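The values are calculated or read from the model by the stated rules, or taken from the named source; none is laboratory data. Note that the structure is a prediction, hence the values are computed from the model and not measured. Neighbour counts are summed over all protein chains in view; Cβ atoms, including those assigned to glycine, are modelled from backbone coordinates with ideal geometry.
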Amino acid sequence: MATDAQHRLVRQASRALGAAGLAHAYGHCSVRLDAEHFLVAPAKPLGLVIPADQCEQVPINGAFPSHLLGEVRIHREIYRRRADVNGIVRSMPPNVMTLAAHGISPQPRHGFGSYFYPQPELWNDPQLLRSDTAAAALSEQLGAGRAIMMRGNGCVTVGTSLEEAVVLNWYLEDMARVEIAGRMAALSANPLSQVDCEARAIWAGGILDRMWSYLTRDDPENTPSC
């Protein structure tokens, strides 16, 4: 059974994604509860989630509940395959959408991009994923990666926590922004090397906490500081 804190976390993540412009009318996020269940955001625009909303507990195995949004299958299939994943975001950031619609995956050219070395996977199918077969195939293509872009449909990011998945979603959007800006200016700098990316893509020093605090700074369910 999900705790009040886990419901609150999913609601906060939902509002953070909406406030940052990473999700609009569509998108969802979830947190793993245990080996058999996860908790997914309410079926409504993420920016409109309120403190009174209850999230939905979903079985990782067994029949998919018919009343859920069809693409929640993506979460289930990733959790089945990735014991290291405890949080997932499905979103439609504008710059990611632009690149994905053109069949382009950005390369790591700055610090935020280094987390996705060598580059995010690209699911080259514009259709919505509303079958177990398609969701399983996308999850297989994601492999051990942190993100997969979906042609014409945004992206999915995964993390060892929901906070990490949300932060990576923001990083991926900034990676796409840098890629587009460089192409518009006809810049030709080489992407960061594997050595550079491995050295840069770290969480030490409060990197994750600071971005999570930034993205949730005005959240109505923040715990008051003493």
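The helices (runs of 4 or more DSSP H) located wholly in the range 120-226 that include 1 or more residues which are touching a Lys or Arg at 6+ places or on another chain (Cβ under 7 Å) and under 29 Å from Arg73 (Cβ atoms) occupy 132-142, 162-184.
Please enumerate the residues belonging to the range 109-130 that are within 19 Å of Gln141 (Cβ to Cβ) and either in contact with a Ser or Thr (Cβ under 6 Å, 6 or more places away or on another chain) or hydroxyl-bearing (Ser, Thr, Tyr) (or both). Talk me through it step by step, then tell me what you get.
Of the range 109-130, the ones within 19 Å of Gln141 (Cβ to Cβ) are 115-130.
Those that are within 19 Å of Gln141 (Cβ to Cβ) and either in contact with a Ser or Thr (Cβ under 6 Å, 6 or more places away or on another chain) or hydroxyl-bearing (Ser, Thr, Tyr) (or both): Tyr115, Tyr117, Gln119, Pro120, Leu122.
Of the residues in the range 11-27, at least one is part of a helix (DSSP H, G or I), out of contact with any strand residue (DSSP E or B) (no Cβ under 9 Å at 6 or more places or on another chain) and polar (S, T, N, Q).
Checking each residue in the range 79-115 for being in contact (Cβ under 8 Å) with a residue 60 or more places away in the chain, touching a strand residue (DSSP E or B) at 6+ places or on another chain (Cβ under 6 Å) and under 13 Å from Ala147 (Cα atoms) picks out Val85, Gly87, Ile88, Val89, Arg90, Ser91, Met92, Val96.
Evaluating Gly145 against the criteria (1) exposed (fewer than 14 other Cβ atoms within 10 Å of the Cβ); (2) modelled with pLDDT of 95 or more; (3) small (Gly, Ala, Ser) leaves one unmet condition, (1). For the range 84-97, the condition holds for at least one residue, the condition being that it is among the hydroxyl-bearing types (Ser, Thr, Tyr), at pLDDT 95 or above and within 29 Å of Asp34 (Cβ to Cβ).
Does Pro42 satisfy being closer than 25 Å to Leu215 by Cα, modelled with pLDDT of 95 or more, part of a loop (DSSP other than H, G, I, E, B) and in contact with a Cys (Cβ under 8 Å, 6 or more places away or on another chain)? It is true that Pro42 is closer than 25 Å to Leu215 by Cα, modelled with pLDDT of 95 or more, part of a loop (DSSP other than H, G, I, E, B) and in contact with a Cys (Cβ under 8 Å, 6 or more places away or on another chain). Scan the range 139-154 and give yes if some residue there is among the hydrophobic types (A, V, I, L, M, F, W, C) and in contact with a His (Cβ under 8 Å, 6 or more places away or on another chain), otherwise no. Within the range 139-154, none of the residues are among the hydrophobic types (A, V, I, L, M, F, W, C) and in contact with a His (Cβ under 8 Å, 6 or more places away or on another chain).
Restricted to the range 180-225, and to residues there that are among the small types (Gly, Ala, Ser) and crowded, with 16+ Cβ neighbours inside 10 Å, the residue that is nearest to Leu48 (Cα to Cα) is Ala201. Does Gly70 meet the test of being under 28 Å from Ala176 (Cα atoms) and either touching a Pro at 6+ places or on another chain (Cβ under 6 Å) or at pLDDT below 95 (or both)? So Gly70 fits the description; yes. Taking the range 86-119 as the range and being in a loop (DSSP other than H, G, I, E, B), under 12 Å from the mean Cα position of the chain (by Cα) and buried (at least 22 other Cβ atoms within 10 Å of the Cβ) as the test, only Pro93 passes. Within the range 1-40, the set of residues being under 15 Å from the mean Cα position of the chain (by Cα) and without any contact (Cβ under 8 Å) to a residue 40 or more places away in the chain comprises Ser14, Gly18, Leu39, Val40. Quick one: is Ala83 over 14 Å from the mean Cα position of the chain (by Cα), more than 26 Å from Gln127 (Cα to Cα) and assigned to a helix (DSSP H, G or I)? Considered against the rule, which asks whether it is over 14 Å from the mean Cα position of the chain (by Cα), more than 26 Å from Gln127 (Cα to Cα) and assigned to a helix (DSSP H, G or I), Ala83 comes out as no.
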